[in-house]
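Reviewing the structure listed below.
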Amino acid sequence: MKQMFERIQKKYHYAMVVFKELVKTDFKLRYQGSFLGVVWSALKPLMLFAVMYVVFVKFLKFTDGTPTFPISLLCGTSLWGFFSEATSMSMHSIVDRGDLLRKVHFPNYIVVASTTMGSMISLGINLAVVILFGFFAHAQYTWRILLVPFSIIQLYAVTLGFALILATMFVYFRDIAQIWEVVLQALFYATPIIYPISMVQNNPEFSWAAGFLMLSPTSQAIMDIRHNLLSPQYVPTVWDIVHNPLVCLIPYLLSAVILGVGIMVFRKYSAKFAEVL
Amino acid sequence: MASKETAKKEDDRPVVLSVQHVAKSFRLPTEQATGLKMAFLNWTKGVSGFTEQKVLRDISFEVKQGDFFGIVGRNGSGKSTLLKIISGIYVPDKGTVTVNGKLVSFIELGVGFNPELTGRENVYLNGALLGFTREEIDAMYDDIVDFAELGDFMDQKLKNYSSGMQVRLAFSVAIKAQGDILVLDEVLAVGDEAFQRKCDNFFTKVKKDSKKTVILVTHSMDAVKRYCNNAILIKDGMIIASGDKDKVADQYTLENIRVDQKHSKPKKNEHPEGLNDRVPVFRITPVSQTVANCSDPFLFDIEYQYDGDDGYIAIAMNDIKRGGIPYDSGQKNLHVKAGHHVLHMSMPLKLFNNGEFRLVGSFRIPNKTDEKRTDMIAYTNDDNSLVFAVRDPSNTRDYALLNDSEMKMTIQGYDK
């Protein structure tokens, strides 16, 4: 029994060592050769935000009129950026690290985990920028900020779940890369980031759709984070839009299910990765 | 007596690696199925899209602590697959692999080396992938750098290293890694001569260390003979020889010679090259072991079919390594009866030093105009000839053909 415990401890210890080294290496190499380096992590979402702000908020008037909408948009882009970057990069990660997997034996989920963790670091930097900007953009910081980490963990779980599934599928079917690109785009528009959810709610033809949109785990998590971090007053959550509390639990459960399926699928197929690659 | 004692001692050592009945096959795609379209088409057509290739059939062996264990075999024999199974990279279809202790495996040198990182960072990354924590690498870092002789370059990016320097660094990580079992695949013979000598010293030292176990996959028979104490030879996914390294190494040499011959196989006619309607069967086959010692005569059979009269067989003995024909039986010395027969032949070997030889036969009939001469009407092609090796512990200097016991130069006297 004690021996088994020690063995498990040793196994995870090894996984942690590799995990740390890979995250470190990835991060070091990410902005290799660029002048601004890590600053890009913060600069890129800011620039994207600027574009969206001008196009959607100023020209197309996609706004609910609340003072926090711009900062909420910035926060949303950062969070979505994390999700889309982490899933797309993880999808390629197993194949990209193929030379490694074919020559060293190490728990290969580390490859996916370290890639998502790399995006997580960027997200951390972005959120710091968001919080900083929030002071000048009417953000209402309350005790609810304490709830944000839970939502971020949830978002990470969903991301990791998708990442594991995609990475596994990409080993066998490279077509998934094209498909996922389209799915990501669709999901992006299905998530109330560039438009306020109230726009859907107030549309007499599509008001029913608002509830559906909020039930996707990514929408729910992103809205929860914005609600708790920036403005409990102006940013609605799934609980405000869907009134059946049981139905409201769906996105949370779905997050757990996605992660579970991801782990299961990955475990089933990962033993053969070295042979297939 | 001494060898018996060591043999007894060996039995007490714990088994650190046990491979039991391992089998592995790969599915090779007949049509590339890495796309949804192909997968769908194959599925609709009911094509599986794969052919099964058995790489390892039934491999069992044990490695004990302190062994320097060699795995040899030709390209494609399955030895790298076996190594990957031992290392845990592949999962065997059948059988089990049990490892006791920390196994550090080098399928390739410098796995995970990144040209954009410095030498130091690469050592840590490489080390982590091999299962070492930062502290453990800290402890062996100086050793690694010393061994690689790259002290001044460790903070340079790897892309600025020469290829020799990269290999040296990778190799140093490999052999300085403090594992219990070291698995090395074809990594000898890197670097310049001085570095080679260093590696040689290292291996000699490891060989004496009874705590360290090394498993070495190699083509170099010199390395096997020099370092290993045990070895296995793999062919077509089976172990065809195991145990004493010299025996295995010699067997491997023979395997390779045999393959050399097969390469020159002619197109399929009714008769193989060298044979024809008049002599449809003519081959030389061994009776003795094809790895022979000097003291016993070498026995072999000649099978032939010839229905005319007055047939002769001539046998030439080729020296494969040194070249030349040390012996030829002569055109008219072996007169043979007509019909389908097998001749039992014997030949002494005590003259020879170690070497590889080939017996080639020719079938002859008398020349009509010149009585002394004969005309060749058939000969044994590479498949029908016989290859054997002489290996005798009493032979020392293998570059010469004749050995000391049969051939000796003596001083007869001085001029004054």
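The values are calculated or read from the model by the stated rules, or taken from the named source; none is laboratory data. On a predicted model such as this, the values are computed, not experimentally measured, just so you know. Cβ: placed from backbone, ideal geometry, glycine included. Neighbour counts: every protein chain shown.
The table for this structure:
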item: The range A:91-122, residues that are more than 18 Å from the chain's Cα centre (by Cα) and among the aliphatic types (A, V, I, L, M); result: A:94, A:95, A:100, A:101, A:104
item: Which numbered condition residue A:88 fails, given (1) more than 14 Å from every other protein chain (Cβ to nearest Cβ); (2) touching a helix residue (DSSP H, G or I) at 6+ places or on another chain (Cβ under 6 Å); (3) within 23 Å of residue A:130 (Cβ to Cβ); result: (2)
item: Yes/no for residue A:167 being touching a residue at least 60 places away in the same chain (Cβ under 8 Å) and within 22 Å of the chain's Cα centre (by Cα); result: yes
item: Among (1) among the hydrophobic types (A, V, I, L, M, F, W, C); (2) crowded, with 21+ Cβ neighbours inside 10 Å; (3) not in a helix (DSSP H, G or I) - the single one residue A:62 does not satisfy; result: (2)
item: Subset tally (residues that are closer than 12 Å to residue B:342 by Cα and aliphatic (A, V, I, L, M)) for the range B:297-312; result: 1
item: Residue list for the range B:139-151, restricted to those being loosely packed, with under 12 Cβ neighbours inside 10 Å and modelled with pLDDT of 85 or more; result: B:142
item: Matching residues in the range A:28-50 - criterion: being among the polar types (S, T, N, Q) and within 23 Å of residue B:125 (Cα to Cα); result: A:32, A:34
item: Failed condition for residue A:89, given (1) more than 17 Å from residue A:165 (Cβ to Cβ); (2) buried (at least 18 other Cβ atoms within 10 Å of the Cβ); (3) not acidic (Asp, Glu); result: (1)
item: Count of the range A:206-246 residues which are assigned to a helix (DSSP H, G or I), crowded, with 24+ Cβ neighbours inside 10 Å, at pLDDT 85 or above and among the aliphatic types (A, V, I, L, M); result: 6
item: Selection count, the range A:1-21, where residues are under 22 Å from residue A:93 (Cβ atoms) and either more than 8 Å from chain B (Cβ to nearest Cβ) or in contact with a strand residue (DSSP E or B) (Cβ under 7 Å, 6 or more places away or on another chain) (or both); result: 5
item: Lone qualifier among A:77, A:25, A:87 - being under 30 Å from residue B:122 (Cα atoms), touching a residue at least 40 places away in the same chain (Cβ under 8 Å) and part of a helix (DSSP H, G or I); result: A:87
item: Some residue of the range A:139-149 being surrounded by 17 or more Cβ atoms within 10 Å (Cβ to Cβ), of a type outside the set (Asp, Glu), away from every other protein chain (no Cβ under 14 Å) and not in a loop (DSSP other than H, G, I, E, B); result: yes
item: Count - residues of the range A:257-270 that are within 14 Å of chain B (Cβ to nearest Cβ), under 14 Å from residue A:111 (Cα atoms) and surrounded by fewer than 16 Cβ atoms within 10 Å (Cβ to Cβ); result: 1
item: Qualifying residue in the range A:247-255 (condition: free of Cβ contacts under 8 Å to residues at least 12 places away in the same chain, within 14 Å of chain B (Cβ to nearest Cβ) and not in a helix (DSSP H, G or I)); result: no
item: Only listed residue being in contact with a Gly (Cβ under 9 Å, 6 or more places away or on another chain) and among the hydrophobic types (A, V, I, L, M, F, W, C), chosen from B:99, B:91; result: B:99
item: Close pairs from the range B:329-357: first farther than 15 Å from residue B:315 by Cα, partner hydroxyl-bearing (Ser, Thr, Tyr) and not in a loop (DSSP other than H, G, I, E, B), Cβ under 6 Å, at least 6 apart; result: B:338/B:306
